[in-house]
Amino acid sequence: MDFSCVSKTLMAATYLVLGVFIASLTVTGAIKPVGVCDGRVADNLPPAPDVVGLYTSNGIGKMRLYDPDQATLQALTGTDIELILGVPNGDLQSLATPTAANVWVQNNILAFSPAVKFLYIAVGNEIKPTDPEAQFVLPAMQNIYNALVSAQLGGQIKVSTSVEPSLLGQSFPPSSGSFSATSSPYMIPIIAFLANTGAPILVNVYPYYPYISNPQDIRLDYALFTAPGPVVQDGALSYQNLFDAILDAFYSALETAGGANVGIVVSETGWPSFGVAAATVENAATYYQNLINHVMNGTPKRPGQPIETYLFAMFDEDQKAGAETERHFGLFSPDKHPKYNLIFS
């Protein structure tokens, strides 16, 4: 027997197994597809370099930024943090003009790329079909996309918009998910654009809100990922948490609207730590960590497909309008101290 050949064969097999092992760690191991939204509706937040440093030191590899804040973009330069960059709702009308979209892309994308790692452009946030800005969303998306294509970035940076579950007319059971009669004429052309350009839809998903609006019928453990077993049975699919049920209702709606191949990125999700009975530090910590642990698993409808997810938000925002809870979604206090002992990776 040629032992040298056996030795080489064993060595090759060892390297092959090691390579598969390392690859599996990259896909399913420590690095999870979790980012954090950098909301800045506050007057007491750290400067942009400190914020970016907090992302880096905590192993947070993705950020959602709601507007092209130049200080933050500059602070992101040269880091490995991947970015969703938002177009504010108030800018949509101007960007429905190609020239303005070209200037926006030049000033906010080309001026920083590739040193800033742009993933998606979120053209508008939670626009409803009845909002005055709704008519400008798709034209602005098309113009920004065309400007990126002209800069040879069309295949690298995806253009989408961020929506929320009120656009669904039917969401239960998840397999019956569909857009409402009001939202369908608005969403179907957007979905066609996303399907044609290979971009995902960005969806803000908050189990907290349906829970507090209907605690008699929605269990807290179902909202917090702590239910001991299935809570909802939908044909052959079992649902143990509300997050998955909302996502799969959106997947069903996309399929009905001609977007079966359109993926979903969860562009916001969170749980407040103060303001009403269910908004506690304990519940918020449970929600965030269970969510981080869950995202690699996919949903019952799309099992095994990691869910790219952005937690809302980095800091409490003391100038947010609305209920008291709106000012207490932060993972960190403005002094940069963590509220929770979250493990992001």
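The values are calculated or read from the model by the stated rules, or taken from the named source; none is laboratory data. This structure is a prediction, so every number in the text was calculated from the model and none was measured. Virtual Cβ from ideal backbone geometry, glycine too; neighbours counted across all protein chains shown. Please note that ligands, DNA and RNA were not included when accessible areas were found on the heavy atoms of the full protein model with its side chains. Shrake-Rupley method; radii C 1.70, N 1.55, O 1.52, S 1.80 Å.
Condition check ((1) surrounded by 19 or more Cβ atoms within 10 Å (Cβ to Cβ); (2) touching a residue at least 12 places away in the same chain (Cβ under 8 Å); (3) of a type in the set (D, E, K, R); (4) under 23 Å from residue 260 (Cα atoms)) across all residues:
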residue	(1), (2), (3), (4)
214	no, no, no, no
217	no, no, yes, no
221	no, no, yes, no
224	yes, yes, no, no
231	no, yes, no, no
238	no, yes, no, yes
249	yes, yes, no, yes
For region 280-331, name all the residues that are open to solvent by 10 Å² or more (accessible area, probe 1.4 Å), closer than 12 Å to residue 42 by Cβ and in contact (Cβ under 8 Å) with a residue 60 or more places away in the chain. 316, 318, 319, 320
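Hand me the list of helices (runs of 4 or more DSSP H) wholly inside region 177-229 holding 1 or more residues that are out of contact with any Cys (no Cβ under 9 Å at 6 or more places or on another chain), more than 21 Å from residue 127 (Cβ to Cβ) and aliphatic (A, V, I, L, M).
Working: elements: 184-197, 208-213, 220-223.
Output list reads 208-213, 220-223.
Please find, within region 80-95, the residue that is farthest from residue 159 (Cα to Cα) out of those that are part of a loop (DSSP other than H, G, I, E, B) and either in contact with a Cys (Cβ under 6 Å, 6 or more places away or on another chain) or open to solvent by 30 Å² or more (accessible area, probe 1.4 Å) (or both).
Keep residues of region 80-95 that are part of a loop (DSSP other than H, G, I, E, B), which gives 80-81, 88.
Okay, now just the ones that are also either in contact with a Cys (Cβ under 6 Å, 6 or more places away or on another chain) or open to solvent by 30 Å² or more (accessible area, probe 1.4 Å) (or both), so 80, 88.
On the way: 80: 20, 88: 14 Å.
Per the stated criteria, the residue is 80.
Give the residue that is nearest to residue 248 (Cα to Cα), with candidates limited to residues of region 139-166 that are surrounded by fewer than 21 Cβ atoms within 10 Å (Cβ to Cβ) and touching a strand residue (DSSP E or B) at 6+ places or on another chain (Cβ under 9 Å). Before the answer, list the steps.
Narrowing region 139-166 to residues surrounded by fewer than 21 Cβ atoms within 10 Å (Cβ to Cβ): 139, 142, 146, 149-156, 164-166.
This time we only want the ones that are touching a strand residue (DSSP E or B) at 6+ places or on another chain (Cβ under 9 Å), so: 142, 153, 156, 164-165.
Values: 142: 27, 153: 31, 156: 27, 164: 13, 165: 11 Å.
Out of the qualifying residues, it is 165.
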Residue match in region 228-241 (condition: closer than 20 Å to residue 62 by Cβ and modelled with pLDDT of 95 or more): no
Quick check: anything in region 254-266 free of Cβ contacts under 8 Å to residues at least 40 places away in the same chain and in a loop (DSSP other than H, G, I, E, B)? yes
Inside region 267-307, the number of residues satisfying the requirement of being part of a loop (DSSP other than H, G, I, E, B) and in contact with a Leu (Cβ under 9 Å, 6 or more places away or on another chain) is 8
